[in-house]
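Participant: Take this structure, written in structure tokens, and hold onto it; I'll ask about it next.
Only the coordinates and a few stated rules stand behind these numbers; no lab work does. Everything quoted here is computed from the prediction, not taken from an experiment. Neighbour counts are summed over all protein chains in view; Cβ atoms, including those assigned to glycine, are modelled from backbone coordinates with ideal geometry.
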Amino acid sequence: MARKRIAAPESLAARISLPLRILGAIVGGYGVTSLAVACLARILPMRAAEASVAATLASFAIYAGIIVAIFSARSVLRIWLWLMAAALLLGAALYWSILTGGRL
Amino acid sequence: MKNGFRQSMAALHTWTGLLFGWLLFAMFVTGTAAYFQEEISRWMRPEVVATAAPAPATQAAIAWLQKTQPDADSWFITPPSARNPATEVFWQPRTVEGEQHARRRRNDTSATLDGIGRVVTTRETRGGFFLYRFHFDLHYMPVLWARYLVGAAAMFMLVAILSGIITHKKIFADFFMLRFGKGQRSWLDVHNVTAVFALPFYLMITYTGLVTLATLYMPWGIAANYASPETFFAEVFPNGGETQRTGTAAAMVPIGPLMAVATREWAGAAVGSVQIANPNDVSATITLRRAADTAIGARGESMVFAGATGRMIRGGAPEGGAMATQSVMIGLHAGRYAGWGLRWLYFLSGIGGTIMVGSGLVLWTVKRRAKLPDPTRPHFGFRLVERLNIAAIAGLPAGIAAYFLANRLLPTGMTARAEWEIHSLFLTWAAVLLWAIARPYRRAWIESLALAAGLFASVPVVNALTVSRNMLTGMMTGDWLFVAFDIAMLLFALGFGWAARKASTVNAKPARGMRTMQNMAAA
């Protein structure tokens, strides 16, 4: 109900803005969190098992932070750009880390 | 979402709260009850009265297993403790190559023994353990789905807490504001007061709850470093690996001295469990784990001895900072370390959380009723929320009371008795839902709450009529569990009765009515 008031001008952009935001928060947020956790697990300066657990423990705080940030951001477009940039960056870092070996 | 940060957080709080509110309410109710799961189990098995010293009782249990299950792959013994006077044993029967993995009933692989190794015949029940498992496994659905659902609810809860904190400008002032009889304002006050009352607890319990199943929800931290989760667990818990039975028989050393060694090593802490792998074989190992009530960390230290010689194979491995943190987080959530005072605080905080979620759900309807185009004929979504609120808030507690009643009333020899106790809970819950749909809104609240009150009030009565232990005998013999349980039931009955009365006496618009939850703080 509160929703309707906010999206008063029922343009297409306004109508898909909220679903895109929710999708970004739940799916995009989880994806970026996963990549961040995987990266942390590889770069934290401790034993592999310890780093894995430490990164996992932090994961829910990261996820919650991303969700809150997404719902407070102004533009949906910018949210998705940020999500994709973060995913690319973290993904590349993870890929590079696995390529250069070490653990696993 | 263009109306500024606080408004978008308020919307986020409202809708995440509503979507998972009912499930969270059920999780809060059963999780709160689970802090007394041992006590509930004891009440639900009134036949068990054994008390014994742990070491002789464990030796007696081993003798019993020796006699009845000499060929098992492993034995698992929980010695008697302050919270459970009986000795619980279960065993892993020998796996035979090629044999179908038959579905076993619980009683086929477990038993309850007294201090001298005799089986205590008890009514078949899952006791408080069921409420504990429902908290994260739910029921009538695959466990894995349930855990994902519960995890999603917990994640929504975390977001709802964060956005709730951001939404409230005057979070401290709100704590001292409780205005009765003011309709929507009162509901908001109750929601705020219960939320702020134990805010650190809710944050802690939500986060640590997620951590208990973190490797299920967020497996990528392990996946980044290990080819498979099994490799990770094998590295972290090395004693998980099974040793092959050699086939050469060997007698085992007495358990008492080993328990004494462990207790000395752990600065006086008791042994919480004894696991014997490959009993009566030269390869037999005896693993002793520290009792959960002596440290916050959930992963108790363990010591492993060779069964045939009594030589210590492995002491407690020191764990790193992250593992220790995880262990403490899980321990904080489960609260097994808590003594009586702290345990009651856990319980009260849990009730506070239950009221917080319940009042939030009611607030959603109260807030919107005034704004409805035609308040006498609300739209479908609104009615759905109203009815589900009744079913969730009055239905589940009524169901739990019915679960206790079924424990006393179902015939002891009945087949699938434990299952029918559980069915009683859900049948009652479903009945309240149907009732809530069928009746006019306000009548539905009054009658459902009255039903819950009546069921709780009848628990002590039915108990006194069916079992020889109750509040009066308890006071005379010092059987305080039965005293406390009856008092708790009566307090819940009073609480729900008060709520039903409140719902019926509030006049004017139904919107201003039901302050169902405040009273439960008293209960």
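Participant: In peptide B:381-393, what is the residue-averaged number of other protein chain Cβ atoms found within 10 Å of each Cβ?
Facilitator: The shielding value for this peptide is 0.
Participant: Moving to a separate point now. Rank-order B:337-343, B:40-46 by packing density, defined as the average count of other C-beta atoms within 10 Å over each peptide's residues, highest first.
Facilitator: The peptides rank, most packed first, as B:40-46, B:337-343.
Participant: Along the Cα→Cβ direction, 7 angstrom out, place labels at B:T505 and B:A249. What is the inter-label distance in nm?
Facilitator: So the two model labels end up 7.5 nm from each other.
Participant: Three principal axis extents, largest first, for the C-alpha atoms of the protein assembly as shown, in Å?
Facilitator: If we take the Cα atoms of the protein assembly as shown, the spans are 82, 73, 47 Å.
Participant: Are there DSSP H segments in chain B that both extend 24 Å or more along their axis (alpha-carbon positions) and score a mean Kyte-Doolittle hydropathy of at least -0.5? List them, or say none.
Facilitator: Length and hydropathy pass: B:5-34, B:143-167, B:340-369, B:417-438, B:441-466, B:480-505.
Participant: Another question, if that's okay. Provide a whole-number value for the mean count of partner chain Cβ atoms within 10 Å of the Cβ atoms in peptide A:71-78.
Facilitator: For this peptide, the per-residue mean of nearby foreign Cβ atoms is 4.
Participant: For the pair B:E235/B:D73, report the inter-label distance in nm, with labels modelled 7 Å from Cα in the Cβ direction.
Facilitator: 2.6 nm
Participant: Tell me, in nm to one decimal, what length is gained between B:L213 and B:V120 on full extension, where the rule is 0.36 nm per residue of separation less the Cα-Cα distance?
Facilitator: 30.0 nm
Participant: Taking the Cα centroid of the range B:287-307 and of the range B:42-76, what is the distance between the two, rounded to the nearest whole Å?
Facilitator: So the two Cα centres are separated by 19 Å.
Participant: Considering amide H positions built from the backbone, and no H for Pro or chain starts, which residues 5 or more places from B:D281, or on another chain, come under 5 Å of its amide H?
Facilitator: B:A250
Participant: Now for a different question. Would you please state which residues of the range B:17-34 a label at B:L494 would reach in this model, taking the label point 7 Å out along Cα→Cβ and a backbone N cut-off of under 11 Å?
Facilitator: Within reach of a label on B:L494, which here means backbone N under 11 Å from a point 7 Å along Cα→Cβ, the range B:17-34 contributes nothing.
Participant: What is the set of long-range amide H partners of B:G307 at a cut-off below 5 Å, with H atoms built 1.01 Å from backbone N?
Facilitator: Correct list: B:A284, B:T285, B:I286.
Participant: How would you order A:86-93, B:56-63 from highest to lowest mean count of nearby Cβ atoms within 10 Å? Write down the numbers at each step before the final one.
Facilitator: Details: A:86-93: 15.1, B:56-63: 20.6.
Sorting A:86-93, B:56-63 by mean packing, highest first, produces B:56-63, A:86-93.
Participant: Report the full-extension gain for the segment B:V462 to B:M414: residue separation times 0.36 nm, less the Cα-Cα distance, to one decimal in nm.
Facilitator: Length difference between fully extended and current span is 15.4 nm.
Participant: Could you calculate the contour length gain from B:S110 to B:V282, that is, 0.36 nm times the residue separation minus the distance between their Cα atoms, to one decimal place in nm?
Facilitator: 59.5 nm
Participant: Along Cα→Cβ, 7 Å out, is where each label goes; now give me the distance between the ones at B:R311 and B:R439 in nm to one decimal.
Facilitator: In this crude label model, B:R311 to B:R439 measures out at 7.1 nm.
Participant: Using the Cα centre of the range B:372-523 as origin and beta-carbon charges of +1 (Lys, Arg) and -1 (Asp, Glu), tell me which of B:W420, B:W435, B:V483 is placed farthest towards the positive end of the dipole.
Facilitator: Sorting the options by dipole projection puts first B:W435.
Participant: Another question, if that's okay. Just give me a number: lysine pairs in chain B, eight or more positions apart or cross-chain, with C-alpha atoms less than 15 Å apart. Spell out each step's value before the answer.
Facilitator: Numbers: B:K182/B:K367; B:K182/B:K502; B:K182/B:K509; B:K367/B:K509; B:K371/B:K509.
Summing the qualifying lysine pairs gives 5.
Participant: For B:F5 and A:W80, FRET efficiency with R0 = 25 Å and r from the beta-carbon atoms, rounded to 0.05?
Facilitator: FRET efficiency, A:W80 to B:F5: 0.80.
Participant: In what order do B:V89, B:V193 fall by count of nearby beta-carbon atoms within 10 Å, going from fewest to most?
Facilitator: Values: B:V89 24, B:V193 20.
The most exposed by this proxy come first: B:V193, B:V89.
Participant: To the nearest 0.05, how large is the calculated FRET efficiency for B:R185 and B:T376 if R₀ is 25 Å and r is the Cβ-Cβ distance?
Facilitator: 0.65
Participant: Something else: Quick one: what are the phi-derived ³J(HN,Hα) couplings along the range B:300-307, Karplus 6.51/-1.76/1.60 with θ = phi - 60°, whole Hz, x for glycine and proline?
Facilitator: With coefficients 6.51, -1.76 and 1.60, one gets x, 5, 9, 10, 10, 10, 6, x Hz.
Participant: Follow-up. Over the whole of A:55-66, what's the average partner chain Cβ count within 10 Å per residue? Rounded to a whole number, please.
Facilitator: Taking the mean over all residues of the peptide, I get 6.
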